[in-house]
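The values are calculated or read from the model by the stated rules, or taken from the named source; none is laboratory data. Remember, predicted model here, so these are calculated numbers, not experimental data. Please note: Cβ atoms are built from the backbone with ideal geometry, for glycine as well, and neighbour counts cover all protein chains shown. Accessible surface is based on the protein model in full, side chains and every heavy atom, while ligands, DNA and RNA are left aside. Shrake-Rupley method; radii C 1.70, N 1.55, O 1.52, S 1.80 Å.
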Amino acid sequence: MDIQLRKQGHEVFIPDGVPLPEAIRRTTRLAVAAHPDDIEIMAFHGILKCFESAEECFFGVIATDGAGSPREGMYKSYTDDEMKVVRKKEQKKAAVVGEYGGVAFLNYSSSEIKNPGNPNPKDDLKDLLLLARPKVLYTHNPADKHDTHVGVVLRTLQAVRELPPELRPEKVYGCEVWRDLDWLADEDKVGLDVSAHQNLATSLVSVHDSQVAGGKGYDLATIGRRRAHATYFATHDVDVATSMIFAMDLTPLAQDPGLSVGEFVCRYINRFAGDVSRRIEKLV
Ligand SMILES: [Zn+2]
């Protein structure tokens with residue numbers, strides 16, 4: 001089976017030049033993100049597990065074309081089309097530095113991703129998942145505050161739910177970009193230890209120069225958030241990890257197509273609300 005992505009201008013980049021579809025078949029961990037740089041911010045755990053590994057291979061999927069990002073400095077005069085070119089080039093650099101098995105650029109606009117009536121993004125993701133068969137899938141979390149990120153997690157869950165049950169990933173993690181997950185009750189948090197290779201962590205975010213030098217301090221913010229999570233994660237007295245990413249376990253949503261995404265996430269929010277109000281009532 002070869003892969004036929006649907007949107008004009010799509011591309012699959014394989015850093016080591018292994019031909020398709022074999023290049024995708026070696027995947028063990030796959031990340032689906034909205035924009036170039038989201039993978040490096042939210043799915044570094046998967047990248048790290050596969051880096052220099054003989055057994056594991058990381059594959060990234062970027063759903064949008066990367067237009068419409070904020071721009072400053074030398075990028076200030078860039079048009080949307082010029083930004084698309086720059087951001088794709090940066091994502092390819094990250095794939096080389098992080099030794100990804102490959103990156104698929106689906107090339108949809110944000111509005112196409114957010115439109116539930118357009119089946120193409122979901123069908124592209126389904127075809128990629130059928131070929132890659134990852135055991136672990138990383139994507140955005142449904143409590144993110146960026147509409148396109150939430151669109152991506154909904155399309156991704158839909159794609160997973162349409163796979164035969166035996167081909168669904170063993171674990172599906174909803175990760176942090178535009179909203180932390182430190183508000184989750186500690187027992188609900190998936191704490192992903194990303195302490196190793198801090199140089200790689202910094203390089204992978206910094207390589208997105210149009211975003212970092214272009215006006216947003218994602219490099220320091222991303223590394224700082226991970227550091228803070230490791231220190232404030234309350235289940236241990238001494239820092240066992242120096243860098244952590246928090247995730248929401250979305251595996252139940254992948255396994256049960258009847259489970260409402262909205263209700264599933266609200267259960268976590270209600271547990272957070274209950275924890276806060278119980279403590280105040282106890283001490284007031
Ligand atoms: Zn994004």
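For the reader, a short list of remarks on this structure follows.
- Accessible area per residue (1.4 Å probe, heavy atoms of protein chains only) ranks Phe13, Phe44 as Phe13, Phe44, with the largest value leading.
- Net length gained if the chain between Ala273 and Asp188 were fully extended (0.36 nm per residue, minus Cα distance): 29.3 nm
- For the chain, the share of accessible area belonging to carbon and sulfur comes to 52 percent (1.4 Å probe, ligands and nucleic acids excluded).
- From its DSSP helices (H runs of at least four residues, each -39,500 (n - 2.57)), the chain gives a residue-normalised ellipticity at 222 nm of -13000 deg cm²/dmol.
- Placing a label point 7 Å from the Cα of Ala221 along the Cα-to-Cβ line, the residues of segment 59-95 whose backbone N sits under 14 Å from it are 69-72.
- Based on Cα atoms of segment 104-218, Rg over Rh with Rh as the Kirkwood radius reads 0.98.
- Among 260-273, 137-150, 193-206, sorting by the average number of other beta carbon atoms lying within 10 angstrom of each residue, highest first, gives 137-150, 193-206, 260-273.
- For the peptides 221-228, 69-76, the ranking by mean Cβ contacts within 10 Å, running from highest to lowest, is 221-228, 69-76.
- Span from the segment 168-195 Cα centroid across to the segment 1-72 one, whole angstrom: 20
- The Rg/Rh ratio of segment 240-284, with Rg taken over Cα atoms and Rh as the Kirkwood radius over Cα pairs, comes to 1.15.
- Accessible solvent surface per residue of segment 1-118, calculated while the other protein chains remain in place, 1.4 angstrom probe, Å²: 42
- Angle of helix 261-283 to the longest C-alpha principal axis of the chain, folded into 0 to 90 degrees and rounded to 10: 30°.
- Solvent-accessible surface of segment 148-283, averaged per residue with a 1.4 angstrom probe and all protein chains in place: 49 square angstrom.
- On the basis of the beta-carbon distance and an R0 of 30 Å, Leu259 and Lys135 show a calculated FRET efficiency of 0.90.
- Between 0 and 90°, nearest 10: helix 218-232 axis offset from the chain longest Cα axis: 30
- Here the 3J(HN,Hα) profile of segment 168-183, calculated from phi with Karplus coefficients 6.51, -1.76 and 1.60 at θ = phi - 60°, is 6, x, 5, 9, 10, 10, x, 10, 8, 9, 8, 1, 6, 10, 5, 6 Hz, Gly and Pro shown as x.
- Against the main long axis of the alpha-carbon atoms of the chain, helix 80-97 sits at an angle near 80°.
- Distance between the modelled labels on Glu99 and Gln8, one decimal in nanometres: 4.0 nm (7 Å Cα→Cβ projection).
- Rg to Rh quotient for the chain, alpha carbon positions, Kirkwood Rh: 0.96
- Extending 7 Å from the Cα toward the beta-carbon at both Asp180 and Val240 defines two label points whose distance is 2.1 nm.
- Over all other residues within a Cβ to Cβ distance under 15 Å of Leu48, the charged ones net out to -3, with Lys and Arg as +1 and Asp and Glu as -1.
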